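A.B. asks: The structure under discussion is supplied below as structure tokens; questions concerning it will follow.
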Amino acid sequence: MFVTMSNSFKLFSWNVGGAGGKAFARSLKLALQLHRPDFVILLEPQVSGEVANRVCDRMGFSDVARVEANGRSGGVWVFWNGGSFTVHIASAGPQHLSLMVEKPNSPNWLLTAVYASPRQQEQKLLWNFLVNQSKEVACPWILTGDFNAILMPEEKSGAPTAATLQRCRRFSDWINLAELVDLGFSGPAFTWSRGHETSSYKASRLDRSLCNLAWNEAFPSTSVIHLPRLSSDHNPILTMVLPQGVPSQLPRKFKFEAAWLTHDSFNDLLTSSWNTQVALPQALQDFASKLQDWNCSVFGNVHHRKMRLLARTGGIEKRLAIAFCPGLAKLHSKLGAELEKTLEQEELLWFQRAREKWVKFGECNTAYFHQIAKIRRRANKIACLKNDNGDWIHDMQELKTLVFNFYIDLYTQEGDQYVDHMPKGAFPRPNQSEWLALLRPFTILDIHRAIFDMKPLQAPGPDGFQAIFFQKAWNVVGKALTDMALSFFENGSLPEEVSSSTVVLIPKGENPESVSQLRPISLNNVNLKAITKAMTSRLKPLMRKLISPRQSSFIPGRQTSDNILIVQEVLHSLKKRQGKKGGIVVKIDLEKAYDRLRWDFLRDTLIEVGLPSSWIHCIMYCVEHNHMRIFWNGELSHPITPSRGVRQGDPLSPYLFVLCMERLSHRIDQAVRDKSWKPIKLSANGPALTHLFFADDLILFAEAGRSQVRIIKQCLEEFCESSGQRVNFTKSSMFVSPNVREETAQLLSTRASIPLTKDLGRYLGVQTIHGKVTRSRYQALILRIKKKLAPWKARRLSLAARLTVVRSVSSSIPIYSMHTEQLPVNVCNSIDKINRDFVWGKEEDQGRLHLVAWEKLLEPKWQGGAGLQSLRQANLSLLAKTGWRLLTEKDNLLAQIMKDKYGRRRNGLEMLRPSQGSSFAWRSMTKASDLLKRGLAWNIHNGKGTNFWKDVWCLQVPLIDVAVQPIPEEMLADPVASYVDEDGRWDVDRLKTWLTEEALNKVTAVAVDPLSTTEDTLFWSAAENGLFSAKSAYLMAYPRQLVHNESFWKKIWRLHVPERVCCFTWLVALGKIATNVLRFSRKCADSPDCHRCNGIPETILHILRDCPPAVFFWHKQVPQAEHHNFFSASAEDWIKSNINKEAEMESGMAWNEFFASSIWLLWKNRCTACFKGVGATLTAPSLANSIFHKTTLWHTAWKSDISTQLFCSPVVPRVIANIRWVAPPSGWMKLNVDGASAGNP
């Protein structure tokens, strides 16, 4: 009746809520017929004893294991058919049943069926048991069933409560402690629901499948489907497993492997095989064919080569451990170099597949990249989707047809006639110099810059070549690429192969339910992107002039945080609004905005901008000539020729889209001029607000009234008819100020066909504020960071990589929240704790030793720290950055709103003061005013905008701080200009009363022109260029006094060695490596002695210099004349003198780089001896030989290999200096002169 486990198997899990009824029997029979599972798990059967026996007998399976129900609660039944595999009960309890599954020629694996109690105390017992079990399980392990818990707030309907968030945290902590991975799902978002009315409806994702990393390794193609609801209030879940190595029936698409670049013969293959006689597409196709042959015959299987080399080096090491042989030692060094190169290639292969942005390549993180690639591959696999009728489609062929047909329709222009309703002549005209910069002929340099500005390993287009190939092979292939690109700009046409693309479908969320929830991203060929990127570089400088301040996306100098803050301020003002005039905020959702854009509307927009016909032709050619194929579950569709839309993923597309969206802005402005659209204001003299755009995220503002709803709909309808856009009214939302009656608000919502809401939800990644701010508001943020910093990742990364991940995650995930609001102290502390746990482990007795105090890790690298950041100080510095922009960018829309709302009669820092009843965003920014005050200073021009006494402008402190007597109240508001006459002469007699002679000299040395129209300007005194940076503000906010010791610590981090070696050297310099002395002091070792030298404490100096293998090695490397100083120096002096020694060795390697590499390799040898025994290590001569050859190999790699060049392009630093005249010391005169040079010198 049921299939046995052959090439695949299935696990069916269902909380049946009672197994005694006929409805259950019918539903289960249907499910078994449809899905034919190998294991059936039934939970909460609510029957036991003889009744349970009769139910089990009717199931049709040969074997069953049961945990009996306790009355009407609990119970776990597992059914299977024996024969081709053997099953043993591993453990059982009231809330779980674990089975060990064995099968010939297949890894044994553990299945745990879970029914977690809804009671927290009982759940905790289960979590503790499973955490302990996770430490003992080495085989693949899968857990499936009803966990009665959710992992994220999104897994439950309705707004999350504090209790819900607390349960999320507990469940997340347990999963992390057990080092498990959620297998995700396809299908309905929730697996349990109750209630049929809106007021009573509740739903959650209580059922799921989890696995350990061994399972992920053995069965990477596992997928989970939430099946349709049957007779229970729980959905069944089906876990489908394919074993590793099942061959695909589809032809494998060529894709360039970056690891090929590391092979010694690659360049010879390139120069000998590259065909200069044919066009670029054909040359690439020919070379791809030769590469595939070369990959099989020369490059080979990296994993097999690695295992072969490990076996050979291992055999040689055993021989060398018995007796040293120069010939074997030489062979060992040669094989070691091959192994090092092979490991680098393997890491690069998995790094390319993982596409992990947090972790650097080149740090021996292959296992991590391997797991990330497998998890990512599984997450991209979609097993089912809803069709237009709401039915779930599981059949792979039907699913493919559904997806392909959807996108064929999406990219096909409907037959309605084109009419442009948008205003004409509304774009501002660039000046002559801006046009000349745009229209100058393209050159080889433009194409070269476009190629080398691309990320090396971004996904390739249909030809399979990534940017890294063109970057590393530029000398050979560059001419063909530039010839093709420059020919396009001359003739306006390209070969069809160049402009074709592959469209991949990326889920917008974690578990898409419909095709519309997949975002189509166009993977274009690098040669096409070079062309569009070159055009983008020319167009980009004009965007700030062409696009109004209401659009922030892709406009240089504009910030996403501005939009967020403006929306927060609008909501705050509307919440407090009283009287008859109400306001509305409408959040508009555009369906597939990029993909619906009409080409004729785009062409008209480019004409409206004023671009010449040659430019319009080139742009439209790249848009219209696109032969695309949809890539779905490993299969390509037939070619599709679109008739609308712009490619998402092309560098030019966002700018074209923003230009088209600006036409809607023109229409709204026209409605305002016609007085049909009534904007809202946040203050009497503040700017009128009608809309804010961020690409296709639209927020509209208007007074609350039927006429306003009508004009909003009219503007949107006219724009949609012209541009091809479509508003999704059901996903849009409308917020109405509380002073509008409920009936009126409902009427406006009905007229607009947009649902009414009291919470606009997230805007640009940040939750809009509608009430009191509490910790629960940030719980989802904490859970996201915790997910990124899961402990299983930490265990597969070096310390250097863990530090890099923490820096990256902490500085990117909460970035917009930290720019716009002050995070509560307990939230910052929670995130800091997550970071600390990721670096060292959660508990010292269970994780790693905390070698360095957290406070030390937070210090800058040049101070001897690790360069991590305290979230509280980082938050303050980013708020200060927003405050700086409010003070210095007077034309900025946000600055105008805030100044008029809160600081109308105040200037400078006086503006950043808390106001009664102010918004949370404003209160957050005022918290950074003290930090700003410490770094702000004024450049004096006409002296009218700077307070003479309170501002910093001629000294390092305000003059009021050095006044010889109290300043009268009436003088405290005096500007600098009030103390000079019209000719700029200082009123010295008046100032003598209040200032010392030294202070007066500083004052009078400043030139002031009170008749000038040039206003005084702020500059940031903490930066040499006078421009604010969050980094300099962070250092200023740092609570501890920083003492500069740059030279020594900077040298450590700038050594040309792998990052893990720099990190180890840093620990040595701090005296913080895990020697037996340190471990004994922390009660982690039985003895402080060296494992080789009985009775001698294993200090840092002993293990790295004075232990016999180290002594033998250093005697060979250090000149005889330097032996005494080298071997007698104290630990601190020994480290510092060798790191500061930059003399070049015969190999060309600097001594300090050789020294750092050598002590790390000596430490590795010591660890091998500790964990595998002294017999497993090399003899002293072999070790010395191995260290010398490995350090030489690293030095060569740093100069020439892909590992160090991959993300390190030489950049000429751009220096921006703040020009400010500095007065001479007292008693000196200063003569300023100007000069020029004609190149000599």
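FYI, it's all coordinate maths here, none of it is from the lab. For clarity, every value in this text was computed on a predicted model and none was experimentally measured. Cβ atoms come from the backbone with ideal geometry, glycine included; neighbour counts cover every protein chain shown.
A.B. asks: Could you tell me which residue out of Ala937, Leu972, Leu995 lies farthest along the dipole of segment 917-1037 toward its positive end? Charges go on the beta carbon: Lys and Arg +1, Asp and Glu -1, centred on the Cα centre.
C.D. replies: Ala937
A.B. asks: Report the Stokes-Einstein translational diffusion coefficient (µm² s⁻¹, integer) for segment 9-241, Rh taken as the Kirkwood radius over Cα pairs, at 20 °C with viscosity 1.002 mPa s. List each step's numbers first, then the result.
C.D. replies: Working: Rh = 18.0 Å.
It diffuses with D of about 119 µm²/s by this estimate.
A.B. asks: May I ask you to evaluate 6.51 cos²θ - 1.76 cosθ + 1.60, the Karplus curve with θ = phi - 60°, for each residue of segment 87-99 and list the ³J(HN,Hα) values in order in whole Hz, giving x for glycine and proline?
C.D. replies: Once θ is set to phi - 60°, the couplings for segment 87-99 become 10, 10, 6, 8, 6, 8, x, x, 10, 7, 9, 10, 10 Hz.
A.B. asks: Given a Förster distance of 30 angstrom, what is the FRET efficiency for Phe254 paired with Arg519, based on the Cβ-Cβ distance and rounded to 0.05? Don't skip to the end; give the middle numbers.
C.D. replies: On the way: r = 25 Å, r/R0 = 0.84.
Computed FRET efficiency for Phe254 and Arg519: 0.75.
A.B. asks: Taking the Cβ-Cβ separation of Arg990 and Ser537 as r and a Förster radius of 51 Å, what is the calculated FRET efficiency to the nearest 0.05?
C.D. replies: My answer for the efficiency is 0.35.
A.B. asks: First obtain the Kirkwood hydrodynamic radius of segment 105-173 from its Cα pairs, then insert it into the Stokes-Einstein equation at 4 °C and 1.567 mPa s, and state the resulting D in µm² per second as a whole number. List each step's numbers first, then the result.
C.D. replies: Values: Rh = 13.7 Å.
So the translational diffusion coefficient is about 95 µm²/s.
A.B. asks: Oh, and also: Ordered by residue, what ³J(HN,Hα) values in Hz, to whole numbers, does segment 149-155 give under the Karplus form 6.51 cos²θ - 1.76 cosθ + 1.60, where θ = phi - 60° and Gly and Pro are x?
C.D. replies: The phi angles translate into 7, 10, 9, 9, x, 5, 7 Hz.
A.B. asks: Further question: Where in the chain lies the longest segment free of GluC sites (Glu not before Pro) that are both loop residues by DSSP (not H, G, I, E, B) and have at most 11 other Cβ atoms within 10 Å?
C.D. replies: Formally, the longest exposed-site-free interval is 415-842.
A.B. asks: Sort Val952, Val567 so that the residue with the fewest other Cβ atoms within 10 Å of its own Cβ comes first and the one with the most comes last. Before the final figure, lay out the partial values.
C.D. replies: Details: Val952 21, Val567 24.
By the 10 Å Cβ count, ascending: Val952, Val567.
A.B. asks: Along its three principal axes, how long is segment 917-1037 when you only count alpha carbons? Whole Å, largest extent first please.
C.D. replies: Principal-axis extents of the Cα atoms in segment 917-1037, largest first: 46, 30, 29 Å.
A.B. asks: So what are the radius of gyration and Dmax for the Cα set of the chain, in Å?
C.D. replies: Here Rg and the maximum Cα pair distance are 34.4, 109 Å.
A.B. asks: Take Lys202 and Phe1080, extend 7 Å from each Cα along the Cα→Cβ direction, and tell me the distance between the two endpoints in nm.
C.D. replies: 5.9 nm
A.B. asks: Translational diffusion coefficient, Stokes-Einstein: compute it for segment 432-763 using the Kirkwood radius over C-alpha pairs as Rh, at 25 °C and 0.890 mPa s, and state it as an integer in µm² s⁻¹. Intermediate values should be presented prior to the final figure.
C.D. replies: Numbers: Rh = 21.8 Å.
For the chosen part, D equals 113 µm²/s.
A.B. asks: Turning to a different aspect of this structure: With r as the distance between the Cβ atoms of Ala214 and Ser753 and R0 = 60 Å, compute the FRET efficiency 1/(1 + (r/R0)^6) and round to 0.05. All intermediate terms of the calculation are to be shown ahead of the outcome.
C.D. replies: Values: r = 53 Å, r/R0 = 0.88.
So the FRET efficiency works out to roughly 0.70.
A.B. asks: Hey, another quick one. Helix-only estimate, please: 222 nm mean residue ellipticity of the chain, summing -39500 (n - 2.57) across DSSP H runs of length 4 or more and dividing by its residues, to the nearest 500.
C.D. replies: Working: 46 runs with 539 residues, N = 1241.
So the calculated ellipticity at 222 nm is -13500 deg cm²/dmol.
A.B. asks: Filter the trypsin sites (Lys or Arg not before Pro) in segment 112-152 down to the DSSP loop ones having no more than 11 other Cβ atoms within 10 Å, then list what survives.
C.D. replies: Working: sites: Arg119, Lys124, Lys135; in loops: Arg119.
Answer in residue order: Arg119.
A.B. asks: Just subtract the alpha-carbon distance of Arg923 and Leu1011 from 0.36 nm times their residue separation and send over the number in nm, one decimal. Can you show the working numbers first?
C.D. replies: On the way: separation 88, 0.36 × 88 = 31.68 nm, distance 3.73 nm.
Working it through step by step, the gained length comes to 28.0 nm.
A.B. asks: Can you pull the Rg over Rh of segment 694-770, Cα-only, Kirkwood?
C.D. replies: Checking Rg against Rh, the ratio lands at 0.96.
A.B. asks: While we're on this one: Given the alpha-carbon gyration tensor of segment 1-91, what are the semi-axes of its equivalent ellipsoid in whole angstrom, ordered largest first, with each equal to the square root of 5 times an eigenvalue?
C.D. replies: Semi-axes, largest first: 22, 16, 11 Å.
A.B. asks: Quote the charge dipole size of the chain about the Cα centre in Debye, to the nearest 20; the model charges only the Cβ of Lys and Arg (+1) and of Asp and Glu (-1).
C.D. replies: Numbers: 152 positive and 117 negative charges, 446 e Å.
Charge dipole, the chain, about its Cα centre: 2140 debye, nearest 20.
A.B. asks: Pull out the extension gain between His625 and Asn275, defined as 0.36 nm times the separation in residues minus the alpha carbon to alpha carbon distance; nm, one decimal. Let's see the in-between values first.
C.D. replies: Details: separation 350, 0.36 × 350 = 126.00 nm, distance 2.62 nm.
Stretched out fully, the His625 to Asn275 stretch lengthens by 123.4 nm.
A.B. asks: Could you work out the equivalent-ellipsoid semi-axes for segment 460-594, taking the square root of 5 times each eigenvalue of the Cα gyration tensor, largest first, in whole Å?
C.D. replies: Values: eigenvalues 353, 90, 34 Å².
That gives 42, 21, 13 Å for the three semi-axes.
A.B. asks: Let me ask another. Set Lys and Arg Cβ to +1 and Asp and Glu Cβ to -1, take the dipole of the chain about its Cα centre, and tell me which of Thr112, Trp77, Ile566 lies farthest positive.
C.D. replies: Among Thr112, Trp77, Ile566, the one farthest towards the positive end of the dipole of the chain is Trp77.
A.B. asks: Based on Cα positions only, what radius of gyration and what Dmax would you give for segment 775-869, in angstroms?
C.D. replies: Over segment 775-869's Cα set, Rg and Dmax evaluate to 13.3, 39 Å.
A.B. asks: How large is the Rg to Rh ratio of segment 909-961 when both quantities use alpha carbon positions and Rh follows Kirkwood? Write down the numbers at each step before the final one.
C.D. replies: Details: Rg = 13.0 Å, Rh = 12.4 Å.
Here Rg/Rh amounts to 1.05.
A.B. asks: Hey, rough spin-label estimate for Glu591 and Asp233, points 7 angstrom out along Cα→Cβ, what's it come to in nanometres?
C.D. replies: 3.5 nm
A.B. asks: So, one more: From the residues Gln397, Leu457, Phe693, which one has its Cα farthest along the dipole of the chain in the positive direction, the dipole being from +1 and -1 charges on Cβ of Lys/Arg and Asp/Glu about the Cα centre?
C.D. replies: Gln397
A.B. asks: Same structure again: Take the Cα radius of gyration of segment 1046-1205 and divide it by 2.2 N^0.38 Å, with N its residue count; two decimals is plenty. Intermediate values should be presented prior to the final figure.
C.D. replies: Values: Rg = 15.5 Å, N = 160, 2.2 N^0.38 = 15.1 Å.
Against the empirical 2.2 N^0.38 Å value, I get 1.03 for segment 1046-1205.
A.B. asks: Separate question: Just how large is the dipole of segment 917-1037 about the Cα centre, in debye to the nearest 20, putting +1 at every Lys and Arg Cβ and -1 at every Asp and Glu Cβ? Don't skip to the end; give the middle numbers.
C.D. replies: Working: 11 positive and 17 negative charges, 149 e Å.
Here segment 917-1037 has a charge dipole of around 720 debye.
A.B. asks: Could I ask something else about it? Given H placed on each backbone N at 1.01 Å, which residues far from Ser221 in sequence or on other chains put an amide H within less than 5 Å of it?
C.D. replies: Leu242
A.B. asks: Compute the semi-axes of the equivalent ellipsoid of segment 43-85, taking the square root of 5 times each eigenvalue of the Cα gyration tensor, and list them largest first in whole Å.
C.D. replies: Numbers: eigenvalues 86, 24, 8 Å².
In descending order the semi-axes read 21, 11, 6 Å.
A.B. asks: State the percent of C-alpha pairs, over all pairs in segment 392-522, separated by a distance greater than 21 angstrom. Walk me through the intermediate numbers first.
C.D. replies: On the way: 5598 of 8515 pairs.
Of all Cα-Cα distances in segment 392-522, 66 percent exceed 21 Å.
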